[in-house]
Amino acid sequence: MTATVPVLDSLGRLESEAIHIMREVAGEFDRPVILFSGGKDSTLLLHLAVKAFWPAPVPFPLLHVDTGHNFDEVIEFRDRVVEKYGLRLVVAHVQDWIDDGRLTERPDGTRNPLQTVPLLDTITENKFDAVFGGGRRDEERARAKERIFSLRNAFGQWEPRRQRPELWNLYNGRHRPGEHVRVFPLSNWTELDVWRYIGREGIELPSIYYAHEREVYLRDGMWLAEGPWGGPRGGETLARKTIRYRTVGDGSCTGAVESTATTLDEVIAEVAASRLTERGATRADDRMSEAAMEDRKREGYF
């Protein structure tokens, strides 16, 4: 009798690929870690890791580079998830690097570009050899160049010419002492795929991903929230708007979008209709130059 092979839908195929990648890393590397901010993509990564290794616990710790300019709802959610799954969380506080002189506060108040040094130092200190990230190829043109297994040199830098081909879903994790590999299981997902999967799996997210009222001010076409990072300034005024966040990060450069989407179905419909990527619409740090993301990646950024 011939066995029936189940047919996977598009989300099932993406899930299967991501779980396969995670299990490959568990088999090839000694000290992997998952970058976890509490945002939707890293929360999805963690959900996939739970499924990949169930009923055993997730065999990797989590790493968060904390700028100190995070949204309260996201940090509360991060800590609750860590406790729920009994995970080990390593936090690299950017403020520690500022306090001891390894970093200097920027004049514009944003700390997003300051994350690179704490990230690389923490990877080196803990001897992490594989670092899972939630980057997707649809987010930004520099990320579209990224392999699923992305080799970083001994300085943590991305060298596009040293990236290996990944034919037939074969991933090469070889690296020299001091080097490490960034791993992107969500490479082939889109923002819409992420939201549809979150809906299918019933994955909880921080509340700021759904429409809520907040005091914000307009800068360079984006709604930014007031916080310890400063603002508003010079003619900018606070206004109470119904907004939501498509991505989360450093509050000084993460913008919100006006929205009335309070449910998963409404968010999915809104994302499906959007013609701007989430980073293009809501991340001021990606507007610094045409090659802003690629420049940061070469330095060792996510």
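The values are calculated or read from the model by the stated rules, or taken from the named source; none is laboratory data. These figures come from a predicted structure and were not determined experimentally. Here the Cβ positions follow ideal geometry from the backbone for every residue, glycine too, while neighbour counts run over all protein chains shown. Accessible surface is based on the protein model in full, side chains and every heavy atom, while ligands, DNA and RNA are left aside. Shrake-Rupley method; radii C 1.70, N 1.55, O 1.52, S 1.80 Å.
Residue 124 meets each of the listed conditions (1) surrounded by fewer than 21 Cβ atoms within 10 Å (Cβ to Cβ); (2) within 22 Å of residue 61 (Cα to Cα); (3) under 14 Å from the mean Cα position of the chain (by Cα) apart from (3). Scan segment 20-72 for residues that are among the β-branched types (Val, Ile, Thr) and either without any contact (Cβ under 8 Å) to a residue 60 or more places away in the chain or in contact with a Pro (Cβ under 6 Å, 6 or more places away or on another chain) (or both) and the total you get is 6. Note on segment 254-293: residues that are part of a helix (DSSP H, G or I), of a type in the set (D, E, K, R), modelled with pLDDT under 60 and open to solvent by less than 40 Å² (accessible area, probe 1.4 Å) amount to 3.
Checked across segment 133-140, the condition of being under 23 Å from residue 40 (Cβ atoms), at pLDDT below 90, charged (D, E, K, R) and open to solvent by 50 Å² or more (accessible area, probe 1.4 Å) holds for at least one residue. Checking each residue in segment 45-82 for being more than 24 Å from residue 118 (Cα to Cα), in a helix (DSSP H, G or I) and either open to solvent by 60 Å² or more (accessible area, probe 1.4 Å) or at pLDDT below 95 (or both) picks out only 51.
For segment 187-207, enumerate the residues that are of a type outside the set (A, V, I, L, M, F, W, C), open to solvent by 20 Å² or more (accessible area, probe 1.4 Å) and outside any loop (DSSP other than H, G, I, E, B). Those that are of a type outside the set (A, V, I, L, M, F, W, C), open to solvent by 20 Å² or more (accessible area, probe 1.4 Å) and outside any loop (DSSP other than H, G, I, E, B): 193, 196, 199, 200, 201, 207. For beta carbons closer than 9 Å, sequence separation of 6+ or different chains, a first residue in segment 106-123 that is under 16 Å from residue 253 (Cα atoms) and assigned to a helix (DSSP H, G or I) and a second that is open to solvent by 10 Å² or more (accessible area, probe 1.4 Å) and of a type in the set (S, T, N, Q), the qualifying pairs are 112/252; 114/104.
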